[in-house]
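Asker: Just dropping this structure here.
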Amino acid sequence: MEKEEFLAVYRHSLAHILAKAVIEIFGKETQYAIGPQIENGLYYDFVLPRPVTTDDFKTIEDKMHEIIRRKEDWTRKEVTKQEALEIFKDQKFKTELINDLPEGETITVYYTGDDYVDLCRGPHVSNSKELMNTAFEIRSVSGAYWRGDEKRDQLQRIYVSAFPDKQQLKDYKKLLREAAERDHKKLGPQLGLFMFHETAPGMPYWLPRGWKSYNALLDFWRGIHEDHGYMEISAPIINNQKMWATSGHWGHYKENMFIIPGVKEDESDYYAAKPMNCPNAIMFYKNDTRSYRDLPFRVSQVDVIHRKEKSGELNGLFRVQEFRQDDAHILLTEDQIADEIADIMNIASEIYGTFGLTYRAELSTRPDDYMGDIKVWDKAEAELKDILNNLYGEGNYEINEGDGAFYGPKIDLQMKDALGREWQMGTIQLDFQLPLNFDLKYAAQDGTVKQPVMIHRAIFGSVERFMGILIENYKGAFPFWLSPYQVGVVPIRAEHNDYAKEVVDTLKAAGIRVEVDYANKNMNEKIKHFRSMKDPYTVVVGDKEKESKTVAVTVRGQKKTLSDVPLSAFVDACVKMDREHSKELISEME
């Protein structure tokens, strides 16, 4: 049995053990819903007579071990729909699942011993003794809605970490502790980067410190795109339904849009907060007559967009309802596609490489709810396959069948973070459909009028999510160029404030983000604050520094102090790191 297959079988079997343990502890009135295996373990959803607490974890784990030691046989049985409904007549969730099965569907149940049965396709272990040497531990309990619908029953979801041996479980727990230390949902508020409020679920407030880093990231992005010939625009956040109907979003994406009724009851008078920027870029293109000389026509945007999410799916900055997407839309000719996508990949490598992040490419093909002519889709998919074959070699990238956008296939850039998690960040989508829908034209070199092709692309994806990843990657200790404040200045006593101001003004004039504490309080208290805010450099000035026009510098993460550093040398070092987007701080200054 292959490793992944083994993990799936054993984790899914442990889910049944978990359910049986919970029923034995909480009683026969327990309602059990679903219990799939997931990455690094499993979970099971229940309705129980009382909330599960951390005090229950060991009790449930002990019961699971006890059940495994019974060495019970597992029996698979095929049943009719009526037999299944009879078996689970007291289980509302199982009954609903059975009733939803199509006629003629093979229905299987698995018995663990004689007193526990579950509705399941399997496969499973043949006897509980096969689970004897595995290692597992209850990780957490959380709320969940039946079938992910907040209008349905609220369930308790018990998560279990599960691995083939104790060492792997130990390593995973270490990774979880590391993840907790990096958790952006904790670090963000602690460092004054962002906050959320119940009046706007999933819509972050960027606080002064966080907004400085956010804008530093966008300045970096803008500089690269300026070099690659992009024109940045800003467009309305709310647009009439007619535009969304033409683009296809109204028919394919309406349930994810925030709708604003108009004066009339007719839907044509409705408006929507935009979930994507592409129609706005198209309006800009259509604002003038275009010729082949204008192509590729590269338009970039970082406007705010909104997408409705289920409340249970919101997750800090990783899953929000309001965010900025580093969008770009390119109108071009068919024979420009390969070169343009190669340039986009170069941009991605430059941006990700600045952070030391690696990525891989995947091709996502036509979904079931696709829009347009299937021949156009086939052509677009063939184009992208040729490009990826040339870049990586045939077969050296993954294909996600049916995971494309409704208007076109796409290349997704999967990026790995400091914890080894993969995120779909960048995307490059080839679109022959929207130029057709909006009747886009250009004057070709041969005197004819032709339709351009459109590329939708993003590198960060959601800037909010990318910021969340960076916070966790750096544990809030950003590189110099991205830090909210790059230098914290500490005058030892009030009589040193004038020179401290001179230091601050000199740094500001050089474009360095600097903060200072002029308060008449203990010097160490000021230093401790700047360190807690993870400023890259803390500068202390007193009599000696004032006299010699120097600074005493402490580098973040280091105990030693660099004494007698000329102010001019320190400013030059800061400018160099800022300009070059350095990953490391300069520790020697002369």
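The values are calculated or read from the model by the stated rules, or taken from the named source; none is laboratory data. Note that this is a predicted model, so its numbers are computed, not measured. Every residue, glycine as well, gets a Cβ built from its backbone with ideal geometry; the counts of neighbours run over all protein chains shown.
Asker: Among the residues of region 89-107, is any closer than 19 Å to residue 159 by Cβ and either outside any loop (DSSP other than H, G, I, E, B) or among the charged types (D, E, K, R) (or both)? Step through it out loud before you land on a result.
Answerer: The initial filter retains those residues of region 89-107 that are closer than 19 Å to residue 159 by Cβ, namely 93.
With the extra rule that they be either outside any loop (DSSP other than H, G, I, E, B) or among the charged types (D, E, K, R) (or both), the set shrinks to 93.
Yes, because at least one residue in region 89-107 is closer than 19 Å to residue 159 by Cβ and either outside any loop (DSSP other than H, G, I, E, B) or among the charged types (D, E, K, R) (or both).
Asker: Given the conditions (1) closer than 19 Å to residue 464 by Cα; (2) free of Cβ contacts under 8 Å to residues at least 12 places away in the same chain; (3) in contact with a strand residue (DSSP E or B) (Cβ under 7 Å, 6 or more places away or on another chain), report the number of the one that residue 152 does not fulfil.
Answerer: Checking residue 152 against (1) closer than 19 Å to residue 464 by Cα; (2) free of Cβ contacts under 8 Å to residues at least 12 places away in the same chain; (3) in contact with a strand residue (DSSP E or B) (Cβ under 7 Å, 6 or more places away or on another chain), the one that fails is (1).
Asker: Among 459, 455, which is the only one that is farther than 30 Å from residue 475 by Cα and in a strand (DSSP E or B)?
Answerer: One residue alone meets the criteria, 455.
Asker: Inside region 563-590, can you point out the residues that are modelled with pLDDT of 95 or more, among the aliphatic types (A, V, I, L, M) and either out of contact with any Ser or Thr (no Cβ under 7 Å at 6 or more places or on another chain) or in a helix (DSSP H, G or I) (or both)?
Answerer: Those that are modelled with pLDDT of 95 or more, among the aliphatic types (A, V, I, L, M) and either out of contact with any Ser or Thr (no Cβ under 7 Å at 6 or more places or on another chain) or in a helix (DSSP H, G or I) (or both): 567, 569, 571, 573, 575, 577.
Asker: Are any of the residues in region 236-243 over 30 Å from the mean Cα position of the chain (by Cα) and not assigned by TED's automatic domain parsing to the domain that holds residue 154?
Answerer: Yes, that holds for at least one residue.
Asker: With the requirement that a residue be closer than 19 Å to residue 535 by Cβ and out of contact with any Lys or Arg (no Cβ under 8 Å at 6 or more places or on another chain), what does region 187-205 give you? Outline the logic, then answer.
Answerer: Narrowing region 187-205 to residues closer than 19 Å to residue 535 by Cβ: 187-194.
Within region 187-205, 188, 189, 190, 194 meet the criteria.
Asker: Restricting to region 249-301, what's the tally of residues that are farther than 20 Å from residue 443 by Cβ, free of Cβ contacts under 8 Å to residues at least 40 places away in the same chain and either touching an Asp or Glu at 6+ places or on another chain (Cβ under 7 Å) or in the same structural domain as residue 454 (by TED's automatic domain parsing) (or both)?
Answerer: Number satisfying all stated conditions: 2.
Asker: Moving on. Being of a type outside the set (Ser, Thr, Tyr) and free of Cβ contacts under 8 Å to residues at least 12 places away in the same chain: is that true of residue 339 here? Outline the logic, then answer.
Answerer: Details: of a type outside the set (Ser, Thr, Tyr): yes; free of Cβ contacts under 8 Å to residues at least 12 places away in the same chain: yes.
Yes, satisfied.
Asker: Still on this structure, please answer the following. Quick one: would you say residue 44 is closer than 15 Å to residue 34 by Cα and either over 35 Å from the mean Cα position of the chain (by Cα) or buried (at least 19 other Cβ atoms within 10 Å of the Cβ) (or both)?
Answerer: In short, yes.
Asker: Filter region 16-36 for residues that are outside any loop (DSSP other than H, G, I, E, B) and without any contact (Cβ under 8 Å) to a residue 60 or more places away in the chain; which is nearest to residue 154 (Cα to Cα)?
Answerer: Step one: filter region 16-36 for residues outside any loop (DSSP other than H, G, I, E, B), giving 16-26, 31-32.
Filter once more, keeping what is without any contact (Cβ under 8 Å) to a residue 60 or more places away in the chain: 21, 24-26.
On the way: 21: 21, 24: 21, 25: 20, 26: 17 Å.
Selected residue: 26.
Asker: So, residue 433, is that one touching a Gly at 6+ places or on another chain (Cβ under 6 Å) and over 21 Å from residue 351 (Cα atoms) or not?
Answerer: For residue 433, the condition - touching a Gly at 6+ places or on another chain (Cβ under 6 Å) and over 21 Å from residue 351 (Cα atoms) - is met.
Asker: Only one of these is buried (at least 18 other Cβ atoms within 10 Å of the Cβ) and closer than 20 Å to residue 163 by Cβ: 8, 21. Name it.
Answerer: Selected residue: 21, the only one of 8, 21 that is buried (at least 18 other Cβ atoms within 10 Å of the Cβ) and closer than 20 Å to residue 163 by Cβ.
Asker: Give region 309-361 a look and list any residue that's surrounded by fewer than 18 Cβ atoms within 10 Å (Cβ to Cβ), among the β-branched types (Val, Ile, Thr) and part of a helix (DSSP H, G or I), or say none.
Answerer: Residue satisfying the conditions is 354 alone.
Asker: Have a look at 31, 37 and point out the one that is of a type outside the set (Asp, Glu), in contact with a Lys or Arg (Cβ under 7 Å, 6 or more places away or on another chain), surrounded by 15 or more Cβ atoms within 10 Å (Cβ to Cβ) and under 23 Å from residue 165 (Cα atoms).
Answerer: Details: 31 fails: under 23 Å from residue 165 (Cα atoms).
It is 37.
Asker: Also, quick follow-up: Looking only at region 443-465, count how many residues are under 14 Å from residue 276 (Cα atoms) and among the charged types (D, E, K, R).
Answerer: First, the residues of region 443-465 that are under 14 Å from residue 276 (Cα atoms): 455-458, 461-463.
Pick out the ones that are also among the charged types (D, E, K, R) and you get 457.
Adding up the residues that qualify gives 1.
Asker: Testing residue 205 on (1) under 20 Å from the mean Cα position of the chain (by Cα); (2) among the hydroxyl-bearing types (Ser, Thr, Tyr); (3) within 30 Å of residue 345 (Cα to Cα), one condition comes back false. Which one is that?
Answerer: It fails just one condition, (3).
Asker: Here's another thing I want to ask about it. For region 401-415, how many residues are assigned to a strand (DSSP E or B), under 23 Å from residue 434 (Cα atoms) and at pLDDT 85 or above?
Answerer: 4
Asker: Pick from 394, 422, 398: which is in the same structural domain as residue 366 (by TED's automatic domain parsing) and within 22 Å of residue 326 (Cα to Cα)?
Answerer: Answer to the check: 422.
Asker: Within region 193-284, which helices (runs of 4 or more DSSP H) (wholly inside it) include 3 or more residues that are more than 29 Å from residue 437 (Cα to Cα)?
Answerer: Per the criteria, 208-227.
Asker: Only one of (1) more than 36 Å from the chain's Cα centre (by Cα); (2) within 26 Å of residue 494 (Cα to Cα); (3) not hydroxyl-bearing (Ser, Thr, Tyr) is not met by residue 588, so which one is it?
Answerer: It is condition (2) that residue 588 fails.
Asker: Then there's this: Look at residue 68 and say whether it is crowded, with 17+ Cβ neighbours inside 10 Å and under 40 Å from the mean Cα position of the chain (by Cα).
Answerer: Taking the combined requirement at face value, the residue satisfies it.
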